[in-house]
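All remarks here apply to the structure that follows.
The values are calculated or read from the model by the stated rules, or taken from the named source; none is laboratory data. All figures in this text were calculated on a predicted structure; none of them were measured in a lab. Here Cβ is always computed from backbone atoms with ideal geometry, including for glycine, and neighbour counts include all displayed protein chains.
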Amino acid sequence: MRPPLRHACLALLLMLKLGVAAADKGAPLERWLKALQPSTLSRAEQRAELEWFINAAKPFRGQSIRVVSETIDTHKYESEVLARAFSELTGIRVEHVLMPEGELVRKIQQQMKTGENLFDAYVNDSDLIGTHFRRGKTLVLSEWMRGEGKAFTLPSLNLKDFIGLPFTTSPDGKLYQLPDQQFANLYWFRYDWFSDPRLKARFKAKYGYELGVPLNWSAYEDIAAFFTHEVREIDGKRVYGHMDYGKKDPSLGWRFTDAWLSMAGAASKGYPNGLPIDEWGIRAEHCQPVGASVARGGATNSPAAVYALTKYLDWQKQYAPPGTLQLDFTDAGPVPGQGQIAQQIFWYTSFTAALGKRGLPINHADGTPKWRVAPSPHGAYWQAGMQRGYQDVGAWTLLTSTPVQRRKMAWLYAQFTVSRTVSLKKSMVGLTFIRDSDIRSAAMAKMAPRLGGLIEFYRSPARVSWTPTGPNVPDYPALAELWWKQIGAATAGEKSPQRAMDDLAEGMDTELGKLENAGLTACPPKLSPKRDAEFWFKAADGPRRKLANEKPPGQTIDYDRLLRIWREGGDSK
């Protein structure tokens, strides 16, 4: 029996509404599938991941979370694009806040101290791993994923694919942070100038070896002097052989704690950080920091550390453009793009995208670079097996003070931003790589010619020697504050390099002493008694005594030969 016409119309209207609702439900998924290309996953695999997020988020639809990260291109993409994608797919509203790194560190420090839930998740540098595993305020992700967070952990997350996990893992093997973006500081140089036969001949005639990628600081210094004082002008423009920054500002601290002492050779051998002495010069015994000064077995004021600061100052005064001592990290970043800089020993690859823009004098008309990146050279005290340089790893960090329901939502969003559905596209936008599968993808191989050797570096065996601040640093915010003030005093001419490093070491020892009884839940500092410096110079695992010759012969390698070595699986130490 046919229903009345009115009932039929109502039934049809209901069916249409249901159809529209179903179409609306499917539309965001298909739209975002298209927007998130390319990926190392197939479309079917991407769809399955997105459907997992949609289903896992059902208990939280209509709710909101606040997360925070520092202001770099990768996080801008997350804040403007991925937060919206996640919200449309899952119904969880995400406010992804961006702020300067210093402010972010203060916020997470405040939440750890007060327990007030300021944000539901932080993209926080792995440099704080020593703080996180000692404070007992940070969620242990490896335990969370097996326990309360198991049902909300992406089955295809594939932790083994992340290249930064050693840096977010504590000495006892627990995972505290999930890498979200990372980038190394490398050597940057004008490949077109270094390949010029006339310049190569002039350099060889003066220094007796080939103009190429410097393997040690001696060669870097020779090249800096050559371009600044010998070449002087190229195409009518004044050129310089070095670039850096020196303003008394928190970013000056990064310039040094980001492994400058280790690059000089002040730290011990070890991976991912020197043991017992790390790249800050802090000595640890059985995971307990015992001192930073030479008198306590550390290396913050060791001959190698003083050498590192001395070279930094000398090079800026002699070979860099005027005024660099008044620049901070942000101001200095674009300067090589102006076309006057021959090389930069300490260049954050987070600037790659900015220096790859068409129209800059450092790029060809088709947009391909006239510059390249390569491993930074090492100082006179450096030995094989030591850290070669620094790699920044911003990683998702959840605190125990965040309510469990909000923590689950934040964990879902964090995983979304690093999932294989999303990660390749995000890597291409921000050039901050977290997954090995992305680095080795066909899409990255296609981009490589425009990135000046960055992809080749990340595919090379050399990559593992570029690591972040390690677990010897028990309170990153408190100790980092000391660095820029003391180094800044040296750049301002208020203190000699030796005095600045002596005062820094003493200040760090004082802070370590304060932390002995600060209620840390694991590996608290325990200052060792002071001894004569000679005792530690004689110790097999102590700081190294002053070298008779801090400028050994310069050594270089041809860049194209370096690439061949990498392709064959080797590393040019």
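Numbers below:
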read-out: Cross-chain or 6+ apart pairs with Cβ under 7 Å, the range 509-529 first and loosely packed, with under 14 Cβ neighbours inside 10 Å, then at pLDDT below 95 and small (Gly, Ala, Ser); value: Thr521/Gly136
read-out: Given (1) outside any helix (DSSP H, G or I); (2) closer than 24 Å to His96 by Cα; (3) touching a residue at least 60 places away in the same chain (Cβ under 8 Å), number of the condition Ile129 does not satisfy; value: (1)
read-out: Selection within the range 40-59 - closer than 22 Å to Asp436 by Cβ and in contact with a helix residue (DSSP H, G or I) (Cβ under 7 Å, 6 or more places away or on another chain); value: Thr40, Leu41, Arg43, Gln46, Glu49
read-out: Selected residue (only one of Gly493, Gly488, Gly470 is in contact (Cβ under 8 Å) with a residue 40 or more places away in the chain, closer than 22 Å to Val306 by Cα and surrounded by fewer than 24 Cβ atoms within 10 Å (Cβ to Cβ)); value: Gly488
read-out: Test: residue in the range 345-357 that is free of Cβ contacts under 8 Å to residues at least 40 places away in the same chain, of a type in the set (D, E, K, R) and within 17 Å of Leu454 (Cβ to Cβ); value: yes
read-out: Test: Val105 is among the aliphatic types (A, V, I, L, M), at pLDDT 95 or above and not in a loop (DSSP other than H, G, I, E, B); value: no
read-out: Helices (runs of 4 or more DSSP H) enclosed by the range 318-428 - at least 3 residues per element that are at pLDDT below 95, under 20 Å from the mean Cα position of the chain (by Cα) and on the phi < 0 side of the Ramachandran plot; value: 329-332, 352-355
read-out: Test for Arg134: is it farther than 26 Å from Leu431 by Cβ, touching a residue at least 40 places away in the same chain (Cβ under 8 Å) and more than 13 Å from the chain's Cα centre (by Cα); value: yes
read-out: Selection from the range 34-59 of residues that are within 29 Å of the chain's Cα centre (by Cα) and part of a helix (DSSP H, G or I); value: Ala35, Gln46, Glu49, Leu50, Phe53
read-out: Residue in the range 193-210 that is under 28 Å from the mean Cα position of the chain (by Cα), surrounded by fewer than 22 Cβ atoms within 10 Å (Cβ to Cβ) and in a helix (DSSP H, G or I) present; value: no
read-out: Condition met for Asp244 (assigned to a strand (DSSP E or B), closer than 19 Å to Asp392 by Cα and either of a type outside the set (Gly, Ala, Ser) or touching an Asp or Glu at 6+ places or on another chain (Cβ under 7 Å) (or both)); value: no
read-out: Within the range 23-32, considering residues that are free of Cβ contacts under 8 Å to residues at least 60 places away in the same chain and over 29 Å from the mean Cα position of the chain (by Cα), the one nearest to Arg406 (Cα to Cα); value: Lys25
read-out: Criterion (in a helix (DSSP H, G or I), among the hydrophobic types (A, V, I, L, M, F, W, C) and under 21 Å from Asp502 (Cα atoms)) met by exactly one of Ala224, Ala304, Ala299, Ala267; value: Ala304
read-out: Unique match (being farther than 26 Å from Arg463 by Cβ and either surrounded by fewer than 16 Cβ atoms within 10 Å (Cβ to Cβ) or not small (Gly, Ala, Ser) (or both)) among Phe133, Phe162, Phe152, Phe167; value: Phe152
read-out: Some residue of the range 284-301 being among the β-branched types (Val, Ile, Thr), surrounded by 23 or more Cβ atoms within 10 Å (Cβ to Cβ), in contact with a strand residue (DSSP E or B) (Cβ under 8 Å, 6 or more places away or on another chain) and modelled with pLDDT of 95 or more; value: no
read-out: Conditions (1) closer than 20 Å to Tyr191 by Cβ; (2) buried (at least 17 other Cβ atoms within 10 Å of the Cβ); (3) in contact with a helix residue (DSSP H, G or I) (Cβ under 7 Å, 6 or more places away or on another chain); number of the one not met by Gly453; value: (3)
read-out: Criterion violated by Ala85 - all others in (1) among the small types (Gly, Ala, Ser); (2) assigned to a helix (DSSP H, G or I); (3) under 24 Å from the mean Cα position of the chain (by Cα) satisfied; value: (3)
read-out: Filtered residues of the range 449-463 (kept if more than 15 Å from Ile565 (Cβ to Cβ) and under 15 Å from the mean Cα position of the chain (by Cα)); value: Leu454, Tyr458
read-out: Number of the condition not met by Trp254 [criteria: (1) assigned to a helix (DSSP H, G or I); (2) more than 21 Å from Asp127 (Cα to Cα); (3) under 18 Å from the mean Cα position of the chain (by Cα)]; value: (2)
read-out: Some residue of the range 77-86 being closer than 30 Å to Pro477 by Cα and either modelled with pLDDT under 95 or in contact with a Leu (Cβ under 6 Å, 6 or more places away or on another chain) (or both); value: yes
read-out: Within the range 210-267, tally of residues that are touching a strand residue (DSSP E or B) at 6+ places or on another chain (Cβ under 8 Å), closer than 22 Å to Phe183 by Cα and of a type in the set (A, V, I, L, M); value: 7
read-out: Subset of the range 63-83 (residues that are out of contact with any strand residue (DSSP E or B) (no Cβ under 8 Å at 6 or more places or on another chain) and loosely packed, with under 15 Cβ neighbours inside 10 Å); value: Glu80
read-out: All positions within the range 156-178 that are touching a residue at least 40 places away in the same chain (Cβ under 8 Å) and either among the basic types (Lys, Arg) or under 25 Å from Pro403 (Cβ atoms) (or both); value: Leu157, Thr168, Ser170, Lys174, Tyr176, Gln177, Leu178
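Residues are listed down the side, and each one gets a yes or a no for (1) touching an Asp or Glu at 6+ places or on another chain (Cβ under 7 Å); (2) surrounded by 23 or more Cβ atoms within 10 Å (Cβ to Cβ):
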site: Gly394; (1), (2): yes, yes
site: Phe416; (1), (2): no, yes
site: Gly430; (1), (2): yes, no
site: Arg459; (1), (2): no, no
site: Ala462; (1), (2): yes, yes
site: Ala480; (1), (2): no, no
